[in-house]
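Each value in this text was obtained by applying a stated rule to the coordinates, not by laboratory testing. Because the structure is predicted, anything quoted here is derived from the model rather than measured. Because the Cβ atoms are built from the backbone with ideal geometry, glycine has one as well, and the counts that use them run over all protein chains shown.
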Amino acid sequence: MTFVPANLPVIEVKQVAKTVKLNDEELNILRPASFAIYPKETLAILGASGSGKSTLLSLLAGLDLPSEGEIYLASNPIHKMSEDQRAQVRAQHIGFIFQSFMLVQSLTALENVTLPMELAGIDNATEQAKALLDSVGLNNRLSHFPNQLSGGEQQRVAIARAFACKPDILFADEPTGNLDLENGKKVQNLLFDLNKEFGTTLVLVTHDLKLADLCARKLHIHGGVIAEAINGDKPSKSNRG
Amino acid sequence: MTTTPWFKMAFRFLLREAKKGELNLILASILLAVASVFSLTLFSEKVRLALVEQSSQFLAADRVLSSSRPIPDSLKAETQFKLTHSEQIRFSSMIYFDGELKLASIKAIDDLYPLKGDVLLADTVFSEPFSTRDKLKPGEVWLEAKLFQQLNLSLGDIVEIGDSEFIASRILAASPDKTLSVFGQSPEVLMHVTDVPSTNIIQPGSRVNYRDYIAGTSDELNRYYDWLKPQLNVDQFSWYTVEEDNSPVGASLARAQRYFLLASLLSVVLAATAIGVAAKRYAQRHYDLVAILKTFGAQSQQIKKIFITQASLILVVGILAGLLVGLIAQAGVFYFLADVLPNNLPETSAKPWILAIATGLLCGGFFLMLPLFRLFTIPPLRILRQQLSGQKLKMFVQVSSTALVIWGLMWLYSQDFKLACILFVSSAGTAAVLYVIALAGLKLLRRLSFVKGGALKLAIARLHQRSQANSFALVAFTLAIQLMLIALLLKGDLFEQWLAQLKPGTPNYFVANLAHHQKDDFAEQFKTKGVELGDLYPIYRSRLVSVNNETLQDKLLDDSQQTKEEEEQRSAIGRELNLTSTLILPKENTIVEGQWFSEDNDLPLASIEEKLAKRMNIKLGDTLAFDFSGQVYLARVSSIRKVNWQTFNANFFIIVSPQVFSNIPTSYIASFHLPIDKQAELNQVMQQYPSARIIDVRAMLEQVRTISQQAALAVEFIFYLVILAASLVLATQIQASLAERAKEFHVLTCLGAKSKVIKRSTIFEFALLGALAGLFATASSELALWALQTHVLQMTWSWHLAYWLYTPIISAVLLAILGYLSCRGLVNQNYHQRVATAS
Ligand SMILES: Nc1ncnc2c1ncn2[C@@H]1O[C@H](COP(=O)(O)OP(=O)(O)OP(=O)(O)O)[C@@H](O)[C@H]1O
Ligand SMILES: [Mg+2]
């Protein structure tokens, strides 16, 4: 696996920490950490359940704001941006895949893929969406609704949707978590194939060590403490939740 | 950006949801609100117009302007309003024929008479009357049968009135605007108004009543009145309308209208509740969509546009559909009721349209938009953390704005402050009391949870978690059942009172002017014919000359705005007054002050009607002096009575004890019910008593009966609308409650609970909720009914004990069945559907 750091990081994290107040008690979910992610890198976030993986992901994607520190996403200081401004940045740079698919139930597969493009005002959205669904092998399911599709199929629609706006960065929170082995494999292959094809930066949260091994870099979180594994190193004691 | 994607998106989401039936309940709620307001106002407006139309036949016009001086041409001959005016002059005069002379009430009419209703003629003195379109010609008079008998007239004879001669061309059976007085009023003669000057009867100082009869649309009439009012000297003019009519007809009409109003209010409130519940669900279903849209970069402006557009589309479709359904519903009702309703109903105004659309916009708009505020605050992070569900509006803001809208609707709709307040307070009171009970119960449980741990704690935690949803459901169920009960019980009581008013055997004739020595004979004769004569009342036509030795002129309170009744009272005082004397308190009379004459009393006492007493400032213990045929008789006021003037009984302002006019012979009056087939016998009997007068109130009774029947039909129709609205509330609430349970069902199934167990527990929950709601509803509707009947509808109130038992049982069973039917679908869903429903 080759690792070519470009000059400018797509994501730069400086002393970012997250604490929440719970019944008058300060709860440290993430301890201060700094790191950077460069274009076309693949990064896996590993850790036990409740260790703070999703929290980190939400901060990197600008879904939530850090309690301390700075986050630059494609050079945008998202730690001090409003919700609408962050949404704008997400629309331009980010794609998402979730464990529970998060498709819009009232829209067909095709319309689900078209949705982010329409929000961004892209022109020939339907054509592009069809091509994407074709590339995930669902060209014959265009007009089906999510509840007419299997879990694996739904996640493939979600992958097509994630690549719809040609994002610079793709965030995936346990993309195979709800799938059986076979479907998980399929989704995993698609994800990495498309990733390569579009030259996207991939940030992946997973419990699956094999999936993590496909990534160039690995971040381990343990009780809110973020540590980067040295390239090629196997995580020693990342127990599954 | 290319086109306006938010509009496309909003439209697409909407179409999809509509196709999947997700919008059915919310659309149905708006539709029902609009349709019920629309059809009810259309319907009641039309029925009201029809009823007014029928009642106006008693007035022979829509409005009457009356004065003791000639009505200026500028008023009666105006041309700026689209109204019809008909002139009438009333006076009393002697009528001569063949050396005999009799006093008659002359009614000088024009060619347009009557503007409403019919003149009834008869071929012979005792034959069945028929209505006529024939017009009275100048030079002719139509005389009542009595005059033909008394003067020994035949048709075509020439009679003299004043300085002029007239042909007695027809026998008059009844004129529509005849003053219904059971006392010795002289028989009526119709004369053409152009003949009046030639009689030379009207001289300065003679008692003449000039009348302008007016007909037209109610809008036009109102405009005319607004124009007229400032020009009128209220001391000289009286203005009569049908609605203010204090007759039995007017009273039935007013009561029916109140019920229409009340029932439509109930259905509006119910539909508003259904919209509220459905709209909340609608917003909750879109929490994930908003999170997804925001995650994929949607701006909050875009999201607002999408959902506001959607809500507006729903609202527009709901309102349009509601108008259509309302139109069809009332057309259908009129089609089926064609036989009962008069056929040429007047056109209604734009009011039903405006009210229906306003209701849709106000209540649909408010309840649809309210939950959107929370929807807009859903953070994108919800996509990772399902428990994030946005910021609730402050409880205070929610409650007070909802209360304001509901109360506003009630007020706008009823334009009756008191009614709106009673309904609102009773509904809001129920809700508040229920809330407090739920809260207290919860606190108690929480305290218990400190005592024990383990399973109990878990159960309490679960209860606590859903307590808000459960108490909301309880409040919604209770309100629906409560309003249904109010509509039902009120309908029953209303019908009962109407029926009582019109029960078979209600007197349809009065006999007056029966001499003292004739009365027993007369009653006996009737008895042998199988007709029961009612109570006989002696009539003493006397003059009230002083109160405590003060002359009356000083006592008359002079206020300008007198009603018809007051005018009658006033005209009775100082002139002749019909007193009776009896020891038995007449029916529909209640003593409000003092005591009724006791059997062993030997003092001359009097009982006076409440309003007259007030008007003349007469108190208990005052001494009244009556002039009866030249002699003065004294009586001390020993009681004050309330009289129900809305009955077909002989009613009296003053009743004296037998001691006052002891043994002075006088004439008697009585009422009786004469079956149709005994008509001939009546004529036989009456021929033996030429001086007695028969007063026929059959036409009036028939009128009241028809009106009550029509009103009853209308009430029935409205009642079903209320039931429909209440059912919709139940359905939306059950749906909402089940959706809240969906996640739990999912978890329970995953934990291996059998679907049978889940179903059974759900049914128990609903049955319990139903029983509780039924009980609360009975209690609160009893309270509301008491307030409504005693303060708004002027009816008597009594407990509805059976309902305390039946309502909780029926509502428990009903909700259990409904709950079972809806939860069957949910429990049997497959995994994906369930996750979709739960999210
Ligand atoms: N807003 C919040 N309020 C309270 N607690 C929070 C909040 N956000 C995160 N947490 C807590 O922080 C911890 C980390 O949560 P996070 O979802 O990031 O874990 P995770 O590593 O993604 O776990 P999993 O593998 O189960 O998805 C959890 O204990 C969670 O309950
Ligand atoms: Mg997680």
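Packing, taken as the mean count of other beta carbons within 10 Å per residue, orders the peptides B:520-532, B:607-619, A:26-38, B:476-488 from highest to lowest as B:476-488, B:607-619, A:26-38, B:520-532. Taken residue by residue and averaged, Cβ atoms of other chains lying within 10 Å of the Cβ of A:161-170 number 1. With a 10 Å cut-off around each Cβ of B:295-308, the average count of Cβ atoms from other chains is 5.
With R₀ fixed at 25 Å, the C-beta to C-beta distance from B:Asn601 to B:His517 puts the FRET efficiency at about 0.40. Here the calculated FRET efficiency for B:Leu103 and B:Tyr225, from their Cβ-Cβ distance with R0 = 35 Å, stands at 0.50, rounded to the nearest 0.05. I want the local charge near A:Leu149. Using Cβ-Cβ distances under 12 Å, sum +1 for each Lys or Arg and -1 for each Asp or Glu among the other residues. Overall, the nearby charge balance is +1.
Using the Cβ-Cβ distance between B:Phe764 and A:Gln148 with R0 = 35 Å, the FRET efficiency computed as 1/(1 + (r/R0)^6) comes to roughly 0.50. With a cut-off of 20 Å on the backbone N, the residues of the range A:29-62 near the modelled label site 7 Å out from A:Ser82 along Cα-Cβ are A:62.
Helix A:83-93 and the longest principal axis of the C-alpha atoms of chain A enclose an angle of approximately 60°. Neighbours of B:Ile158, meaning other residues whose beta-carbon lies under 10 angstrom from its beta-carbon, give a summed charge of -4 when Lys and Arg score +1 and Asp and Glu score -1. A straight line joining the Cα centroids of the range A:166-230 and the range B:657-689 runs 107 Å.
With kT/(6 pi eta Rh) evaluated at 10 °C and eta = 1.306 mPa s, and Rh the Kirkwood radius from Cα pairs, the range A:89-241 diffuses with a coefficient of 99 µm²/s according to Stokes-Einstein. Distance between the modelled labels on B:Val632 and A:Ser49, one decimal in nanometres: 10.7 nm (7 Å Cα→Cβ projection). Here each label is just a point 7 Å from Cα along the line to Cβ, and for B:Leu388 and B:Ala18 those points are 3.4 nm apart. Compared with the dominant principal axis of the Cα atoms in chain A, helix A:181-198 is inclined by about 90°. Could you tell me which of B:Ser127, B:Gln88, B:Ser198 has its Cα farthest along the dipole of the range B:63-241 towards the positive end, charges placed at Cβ (Lys, Arg +1; Asp, Glu -1), taken about the Cα centre? The residue sitting farthest along the positive end of the dipole is B:Gln88. Given +1 at the Cβ of Lys and Arg, -1 at the Cβ of Asp and Glu and no other charges, the dipole of the range A:15-55 around its Cα centre is 180 debye to the nearest 20.
Which whole number gives the average, over all residues in A:117-127, of C-beta atoms from other chains lying within 10 Å of the residue C-beta?
So the per-residue partner count for this stretch is 4.
Segment B:Tyr806..B:Leu112, full-extension length gain: 244.0 nm, with 0.36 nm per residue of separation and the alpha-carbon distance subtracted. Once label points are set 7 Å from the Cα along Cα→Cβ at both B:Val436 and B:Asp677, what is their separation, rounded to one decimal in nm? Taking the simple label geometry, B:Val436 and B:Asp677 are separated by 6.4 nm. Computed extension gain for B:Ser349 through B:Cys421, at 0.36 nm per residue and net of the alpha carbon distance, reaches 23.2 nm.
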